[in-house]
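This report refers to the structure that appears directly beneath it.
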Amino acid sequence: MQLTCQTLPYTNVYVDNTLRVVHVEYEGFVPSSVYRKTILWVLELIKTSNLEACVYDIRKLKSLQPQDQDWLIDEILPMLKKTPMRKLAVLESKSELGQLNLSQLVYYTPFSFELQYFEDAESALEWIKQSQTADNLSATSRKIESMPLA
């Protein structure tokens, strides 16, 4: 496992290059400017590093401003559809406000990637690993099927 970390105020971002996953972790009342800078940085990281999965950890997030929620839906999700990301694992907030924020995203946004909810990072990473293993087996099967017989 190749793991790199960027610690910012209110956020931690981890990248596992082996799994091609970024883990974004929020804590407390994240100011709008920090939230947006982090999301934009992670979006660019997904594109430049060809990352296929994201663990979005909002368990310790206290709330997300409505204008940031709208910005995420209107500006970021359309951009995210143009990236290699295929899996989004969400670690849900214990706060009712955090859950409300996320449920609004689910109801108003069509996703171009698989979305799954988890209670812990280990389960989320296992789901990502399993899907990558299945993808690798499928790709290998297609290669074998397309090989000419001798």
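Every read-out reported here was derived from the displayed coordinates using simple, explicitly stated rules and does not represent laboratory data. Computed from a predicted structure; not experimentally measured. Neighbour counts run over all protein chains shown; Cβ positions are idealised from the backbone, glycine included.
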*Cross-link list 37/129; 37/60; 60/81: which exceed 21 angstrom alpha carbon to alpha carbon?*
37/129; 60/81
*Grab the other residues whose beta carbon is less than 15 angstrom from that of residue 32, score K and R as +1, D and E as -1, and report the net.*
-1
_Placed amide H near residue 62: partners under 5 Å, 5+ positions off or other chain_ = 28, 29, 30
